[in-house]
Amino acid sequence: MTESPPENDREGMQIATTDSHEVGLDDDDKNAISSASDIEDDEANRDSIAEPYEREPGTWGTIAYFFHEFMEKFHTTRHIAGRFVNNKDMQLAIVVLIGINGIMMGIGTFDFVKENEKASDIFEVVDLVFLIIFTVELGLQFFYHGWRLFLDGWLIFDFLIITISWSFSEVQIVRSFRIFRALRLITRIKVMKNLILALFSVIPRMFAIGLLLFLVSYIFAVMFTQLFKDLYEDGHTDYDYFSRLDDTFLTLFQIMTLDNWADIARQVMSVYAWAWAPFIAFVIITGFVVVNLIIAVICDAVSALEDEERAKLYGTGEEESTANEESQHPALQEDVREQLDVLETYVDELTNMQEQTLRTLQILTRQLQEHKEAKGINDDPKADEGQGSKPTRSLLRN
């Protein structure tokens, strides 16, 4: 029997393999040196190499093997579906289809479609085709994201729209709300999405302004009801503007929007000459101050969004906005989450490639070992004393 090379000679064996061309070894000697080095490395690392694809004996080993193979193919298919459905060209095609579907719903309201049974049936079939396409797109999103789909507000919105479209497709009243599918354009067009996110970011301030507006309206509603509740019964006004608190609220909302408020004021002033004062005060406070304050808050949110986009593009303003950008601008959190999803996809792909490479190396190592055993390199003592072993042993001694 041949003795295996000592462990401290493995480095010398590798040096011999690397520098064999300098000593004039023939091809057989080089192959022998390389094979012996590979076998020693394989034996030394056999215990440390993970074998995720090795089928263990027994029923449970077989089940685990096929489960691992299935999960590997499942994850690969899932990432392929994610890249397909989130591709820019695919998303652009979905936007175009949503626009066409919305236009056809508008055309379907004309008499030449509603009164023509054949044309109406064609529109219904085309609408069903659009709904199937949108459902397949949402299904691919669910296949890619899994249950994380319900952590994305935009995908939840798509899910609700499509679910309602299928659930109430036979209810005529609800079918008229199918046009709300066009709102899915918001989830596909980045500018519109950022605008909605900007509006959501100012909801606390909007709530405070709305509370102020309600308080002012309630004060004036109680006052106007007490002062002018009998004007309609006495025939001084054309409509019942102030007889009850709810009627007064509706009248004040009309005045706040500046819709024909002067005629209402003049009818009241025909009885009470001083009535112009509370009317003008209410118009100034609500129509000019509070409403414009709401507009100012919205404009401020849009301006902040534009500044954020400019900072991302040119790298300016980062020091000033770092502390508040995550809390004030949800659009940044959305972008970060999308980037994390892409990074996770890359990590999974690299993991799969690493496992495949490891499996390939294991197979090649076993093939080299079988090839060497077939030639009798390890088992035949004469082979070590032959022509190829002398140069090798001399190199190892040196």
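The values are calculated or read from the model by the stated rules, or taken from the named source; none is laboratory data. What you see is a predicted model; the values in this text were computed from it and never measured. Glycine gets a Cβ as well: all are built from the backbone with ideal geometry, and neighbour counts include every protein chain shown. Keep in mind that these areas ignore ligands, DNA and RNA; they rest on the heavy atoms of the full protein, side chains included. Shrake-Rupley method; radii C 1.70, N 1.55, O 1.52, S 1.80 Å.
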Taking first residues from region 335-354 that are more than 30 Å from residue 305 (Cα to Cα) and second residues anywhere that are acidic (Asp, Glu), the pairs with Cβ under 9 Å that are 6 or more apart or on different chains are 352/72
What's the number of the condition residue 109 fails, among (1) open to solvent by 50 Å² or more (accessible area, probe 1.4 Å); (2) in a helix (DSSP H, G or I)?
(2)
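I'm trying to understand the selection: among the residues of region 191-202, which are free of Cβ contacts under 8 Å to residues at least 60 places away in the same chain and surrounded by 12 or more Cβ atoms within 10 Å (Cβ to Cβ)?
192, 196
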Cβ-Cβ under 9 Å pairs, at least 6 apart or on other chains, region 266-282 side farther than 14 Å from residue 232 by Cα, far side acidic (Asp, Glu):
none
Does residue 179 qualify as being out of contact with any helix residue (DSSP H, G or I) (no Cβ under 9 Å at 6 or more places or on another chain) and modelled with pLDDT under 80?
no
Just checking, how many residues over region 291-306 are among the hydrophobic types (A, V, I, L, M, F, W, C) and either free of Cβ contacts under 8 Å to residues at least 24 places away in the same chain or in contact with a Gly (Cβ under 9 Å, 6 or more places away or on another chain) (or both)?
4
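Can you go through 331, 304, 273 and tell me which one is out of contact with any Lys or Arg (no Cβ under 6 Å at 6 or more places or on another chain) and at pLDDT 85 or above?
Working: 331 fails: at pLDDT 85 or above; 304 fails: at pLDDT 85 or above.
The match here is 273.
Are any residues in region 344-360 open to solvent by 100 Å² or more (accessible area, probe 1.4 Å) and either of a type in the set (A, V, I, L, M) or at pLDDT below 80 (or both), and if so, which ones? Walk me through it before giving the result.
Here is the first cut: in region 344-360, the ones open to solvent by 100 Å² or more (accessible area, probe 1.4 Å) are 346, 350, 353-354.
Scanning region 344-360 gives 346, 350, 353.
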So, residue 207, is that one on the phi < 0 side of the Ramachandran plot and in contact (Cβ under 8 Å) with a residue 12 or more places away in the chain or not?
no
When you look at residue 162, is it at pLDDT 80 or above, within 19 Å of residue 106 (Cα to Cα) and touching a helix residue (DSSP H, G or I) at 6+ places or on another chain (Cβ under 7 Å), yes or no?
yes
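Just the residues that are farther than 14 Å from residue 349 by Cβ and open to solvent by 70 Å² or more (accessible area, probe 1.4 Å), please, taken from region 75-85.
Step one: of region 75-85, the residues farther than 14 Å from residue 349 by Cβ are 84-85.
Correct list: 84 only.
State all residues of region 215-244 that are surrounded by fewer than 19 Cβ atoms within 10 Å (Cβ to Cβ), part of a helix (DSSP H, G or I) and of a type outside the set (Ser, Thr, Tyr); if no residue qualifies, say none.
In the first step, residues of region 215-244 are kept if they are surrounded by fewer than 19 Cβ atoms within 10 Å (Cβ to Cβ); the result is 215-216, 218-219, 222-223, 226-227, 229-230, 232-236, 238-240, 243-244.
Next cut, part of a helix (DSSP H, G or I) only: 215-216, 218-219, 222-223, 226-227.
Scanning region 215-244 gives 215, 216, 219, 222, 223, 226, 227.
To keep it simple, each residue is scored yes or no on (1) in a helix (DSSP H, G or I); (2) among the acidic types (Asp, Glu); (3) open to solvent by less than 40 Å² (accessible area, probe 1.4 Å).
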site: 213; (1), (2), (3): yes, no, yes
site: 246; (1), (2), (3): yes, yes, no
site: 288; (1), (2), (3): yes, no, no
site: 308; (1), (2), (3): yes, yes, yes
For residue 258, work out the one condition from (1) modelled with pLDDT under 80; (2) of a type outside the set (Asp, Glu); (3) surrounded by 12 or more Cβ atoms within 10 Å (Cβ to Cβ); (4) outside any helix (DSSP H, G or I) it doesn't fulfil.
(1)
